[in-house]
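Note sheet for the following structure.
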Amino acid sequence: MSGAINSATSGAIVECVPNFSEGTDVGRVEAIVAAMRLDGVHLLDWSMDADHNRSVVTIAGEPAAVVEAAVRGAGKAVELINLTRQQGVHPRIGAADVIPFVPVRGVKLEQCVMLARQAGLEIWRRFGVPVYFYEAAAARPDRVNLEDIRRGQFEELRDAAQKDPSRRPDLGGPGLHPTGGACAVGARKFLVAYNIYFDSSDMAMARAIAKEIRAASGGLKGVKAMGVLAHGRAQLSMNITDFEATPLSVVHKKVVSLAARHKAVVAEGEVIGLIPEAACERESDWMRQLDGFDEQTKILERRLEHPLAWPQG
């Protein structure tokens with residue numbers, strides 16, 4: 001099960017990067033990851049973040065098998081995570097919060113839209129968790145951006161979905177699952193989850209910088225950002241949704257400049273999950289400042305050749 005995906009003989013490859021609202025209990029996270037173990041699916045990465053109270057898992061493989069694995073992972077998350085007792089700095093609406101499908105090889109984004117729709121339907125049918133479709137899989141233009149769906153998080157959406165027709169799920173509902181919430185299922189291009197830490201605990205500074213650089217505020221194209229406190233330091237938590245339009249070196253340079261205005265310094269950076277080879281800029285400052293970056297384990301193409309062993313759960 002942990003053997004490499006053979007590029008010479010295998011066909012279409014889809015990546016899926018489910019995010020779960022649990023970052024403190026390793027036993028629960030291992031059980032969720034183990035639930036996704038299927039023939040034709042390979043585990044590329046998984047990580048936990050206690051401050052965000054969130055885990056990010058990356059799997060890849062044959063499209064139909066990846067869909068089934070994602071659905072099973074969502075079911076195990078709903079079984080193990082109670083959102084009424086869960087808190088963290090990262091916004092969330094569900095135990096299995098987001099499940100995006102990403103084309104890797106021999107698959108178009110349009111096909112990933114169909115995979116997302118299939119996964120969403122099964123999540124609702126099997127577990128009673130309503131689904132919102134986002135990004136390329138969005139069924140409505142006001143749900144393309146994930147942050148619009150997540151507005152107010154689980155606590156607000158739980159009430160709004162019942163009362164406001166514009167906030168009802170695309171599948172299921174109108175009420176959310178009482179403990180598992182809802183699930184946002186989407187299709188998108190590669191996304192780079194990139195965090196920057198400052199030599200400061202000033203959250204107001206991090207939030208001000210986030211506002212200046214995010215696309216929604218007129219900043220950098222394809223950049224989503226929020227300022228949080230993580231590990232006792234101010235952190236800029238970002239998703240770079242179009243690294244071809246806005247390379248990470250451009251993001252880093254802008255952040256360094258803005259931090260200087262606040263008399264702060266960028267201390268280090270980190271990549272959550274995997275990064276495609278095309279996004280790497282090895283001579284750039286942003287990559288030099290990455291904490292514990294190992295090309296063999298963090299670059300998607302390398303990890304496809306050497307997947308991880310599955311946890312026992």
Here are some conditions: (1) outside any helix (DSSP H, G or I); (2) touching a residue at least 24 places away in the same chain (Cβ under 8 Å). K263 meets all but one. Which one does it not meet? (2)
Taking F243 and the conditions (1) part of a helix (DSSP H, G or I); (2) touching a helix residue (DSSP H, G or I) at 6+ places or on another chain (Cβ under 7 Å), which numbered condition does it fall short on, given that it satisfies the others? (1)
Leading residue by the ranking (modelled with the lowest pLDDT) among those in the stretch 147-167 that are among the charged types (D, E, K, R) and surrounded by fewer than 17 Cβ atoms within 10 Å (Cβ to Cβ): E147
For the stretch 273-303: of the residues being touching a Lys or Arg at 6+ places or on another chain (Cβ under 9 Å) and among the hydrophobic types (A, V, I, L, M, F, W, C), which is surrounded by the fewest Cβ atoms within 10 Å (Cβ to Cβ)? L290
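Determine whether S257 is outside any loop (DSSP other than H, G, I, E, B), in contact with an Asp or Glu (Cβ under 7 Å, 6 or more places away or on another chain), assigned by TED's automatic domain parsing to the domain that holds C280 and polar (S, T, N, Q). Walk me through it before giving the result.
Details: outside any loop (DSSP other than H, G, I, E, B): yes; in contact with an Asp or Glu (Cβ under 7 Å, 6 or more places away or on another chain): no; assigned by TED's automatic domain parsing to the domain that holds C280: yes; polar (S, T, N, Q): yes.
Spelling it out, it is not the case that S257 is outside any loop (DSSP other than H, G, I, E, B), in contact with an Asp or Glu (Cβ under 7 Å, 6 or more places away or on another chain), assigned by TED's automatic domain parsing to the domain that holds C280 and polar (S, T, N, Q).
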Scan (1) without any contact (Cβ under 8 Å) to a residue 12 or more places away in the chain; (2) surrounded by 15 or more Cβ atoms within 10 Å (Cβ to Cβ); (3) of a type in the set (G, A, S) for the single condition G172 breaks and write down its number. (1)
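Looking at V144, V129, which is the one that is surrounded by 15 or more Cβ atoms within 10 Å (Cβ to Cβ), of a type in the set (A, V, I, L, M, F, W, C), on the phi < 0 side of the Ramachandran plot and without any contact (Cβ under 8 Å) to a residue 12 or more places away in the chain?
It is V144.
Checking the conditions here, which among V33, V26 is closer than 19 Å to L308 by Cβ and without any contact (Cβ under 8 Å) to a residue 24 or more places away in the chain?
Working: V33 fails: without any contact (Cβ under 8 Å) to a residue 24 or more places away in the chain.
Result: V26 is the single residue among V33, V26 that is closer than 19 Å to L308 by Cβ and without any contact (Cβ under 8 Å) to a residue 24 or more places away in the chain.
Conditions tested, residue by residue: (1) touching a helix residue (DSSP H, G or I) at 6+ places or on another chain (Cβ under 7 Å); (2) over 27 Å from V102 (Cβ atoms); (3) crowded, with 16+ Cβ neighbours inside 10 Å.
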| site | (1), (2), (3) |
| --- | --- |
| A204 | no, yes, no |
| A225 | yes, no, yes |
| R233 | no, yes, yes |
| S237 | no, no, yes |
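The values are calculated or read from the model by the stated rules, or taken from the named source; none is laboratory data. Since we're looking at a predicted model, the values are computed, not measured. Counting neighbours? That spans all protein chains shown, and the Cβs are built from the backbone with ideal geometry, glycine included.
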